[in-house]
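Where a number appears in this text, it was derived from the coordinates with a stated rule and is not lab data. Computed from a predicted model, the values in this text were never measured in an experiment. Note: ideal-geometry Cβ built from the backbone for every residue, glycine included; neighbour counts use all protein chains shown.
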Amino acid sequence: MLINHQAYTSKAISRFKGRVVHLTHTDLDAVCSDAIMRRKHGEILSIYSSVQDYRVYIDHLAASRGRSLELYLSDLGGHPSAVDALTKLSSKGWHVEWRDHHVWDEQTLGRAKQVVDYLRVDPQFCACEIVYQDMLPNDPVARELAAVGRDRDFWINRDPRSEMLSTVVHDNVWRQRVAMDLSQGIFSDRDIEREYERQTKKKNNVIERAIQRSRTIDHTAVTVSNHYASDVAASLRRKYDSTIEIVLHTNGVFSIRSTGPISNRVAELFGGGGHPHAAGGNLHFSIADRILFRLCSLRLKKVQKLIRTASAYEGS
Ligand SMILES: [Mn+2]
């Protein structure tokens, strides 16, 4: 069973007959982690979430009546509020394990250690590598899944399968389908290839529009796009030879990429976090901000503040 939306969580939990719930991110690293968990545990309940608001799902789990299950988190960085939610879940008898590779602040790391049954945060690997090492170290398919996940997550891009799969899992429905396929060692088939072609066309249009809307301030390139943030950022860097790229969503969530190790530090100042070279945060747009953003987009005050902050870090 797989779910993508908060509204379905309670219903899905009450129907779920298995034992393991997997709460993870939405990208290929998360999907590879999910596939390895499926190989290990069979039928699991997978919840795909943005890295910003996954806490809501933990609240839903804690509020659900019935059995205490096992929750495995992966590819989601530590947030103080998520640790609070996990404290409640643990007290209800849930077993909780957390595997991640984002940069955590020491305080959250210390608190999480006391709350969960197992915690491993290791930025030198991607999440699916950690899941593979911990859960199925002798399984050749799990090893291959971990390698494909790493190829994309660390932006190595040597294995063409990682480009194809990471594009296809951008779609909610296909993400679930690919997780199932990967768990059975199927890395590609005609349907996946066809979907890749369809989404590549869409992706190229999205990138083209994002480039048209882009601006540079100093060495920071900024644009607006609700999809394919990593690909959009990479295209901005190619075009401008920039050192920082910011991709804003129309709802105020943003992705940041940087040649220097500053992305997570900038993102942390805006309620987010992530990796030294790739991170995300949220400008928390009010309704008024959203309307203004539609009119003046990059000139919005909150956006200007983000750009100035990022540029200042770059110079530091
Ligand atoms: Mn990851």
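Report the normalised scattering of region 132-175 as log10 I(q)/I(0) at q = 0.31, 0.33 Å⁻¹, calculated by the Debye formula with identical scatterers on the alpha carbons. Relative scattering, expressed as log10 I(q)/I(0), comes to -0.99, -1.02. DSSP beta bridges fully contained in region 206-315 are about 75 percent antiparallel. Dimensions of region 127-267 based on its C-alpha atoms, expressed as ranges along the principal axes with the largest first, amount to 49, 32, 28 Å.
Note on the chain: Cα Rg divided by 2.2 N^0.38 Å, N the number of residues, gives 0.98.
For region 2-188, the Cα-based Rg and Dmax, in that order, read 15.4, 46 Å. Straight-distance candidates among the lysines for linking to LYS113, with alpha-carbon spacing under 16 Å and chain neighbours fewer than 8 residues away dropped: LYS88. For the chain, hydrophobic long helices are taken as DSSP H runs at least 30 Å long by C-alpha position along their axis with mean Kyte-Doolittle hydropathy of 1.6 or more; none is present. Between ASN264, ASN282, ASN251, the residue with the greatest mean-square fluctuation in the GNM of the chain (Cα pairs under 10 Å linked by springs) is ASN251. Normalised by residue number, the volume inside the convex hull of the Cα atoms of region 206-315 is 81 Å³ per residue. Applying a DSSP loop filter and a limit of 11 other Cβ atoms within 10 Å to the trypsin sites (Lys or Arg not before Pro) in region 11-49 leaves LYS17. Does anything in region 184-220 have its amide N under 13 Å from the 7 Å Cα→Cβ label point of THR259, and if so which residues? Residues 219-220 qualify, since their backbone N sits under 13 Å from the label point. By the equivalent-ellipsoid construction on the alpha carbon gyration tensor, region 5-68 comes out with semi-axes of 19, 16, 8 Å, ordered largest to smallest.
Largest GNM mean-square fluctuation among ALA267, ALA233, ALA85, using the chain with Cα springs under 10 Å: ALA85. With the simple spin-label model, which puts each label point 7 Å out from Cα in the Cβ direction, the THR200 to GLU268 separation comes to 4.0 nm.
Using a cut-off of 12 Å between alpha-carbon atoms, which aspartates and glutamates can reach LYS302, once sequence neighbours fewer than 8 places away in the same chain are excluded? In chain and number order, the partners are ASP289. Length gained on full extension, HIS95 to ARG209: 36.5 nm, using 0.36 nm per residue less the C-alpha separation. Applying 1/(1 + (r/R0)^6) with r as the Cβ-Cβ distance of ALA234 and SER14 and R0 = 30 angstrom yields a FRET efficiency of 0.10.
The modelled label-to-label distance for the pair GLN124/THR309, using points 7 Å beyond Cα in the direction of Cβ, is 3.1 nm.
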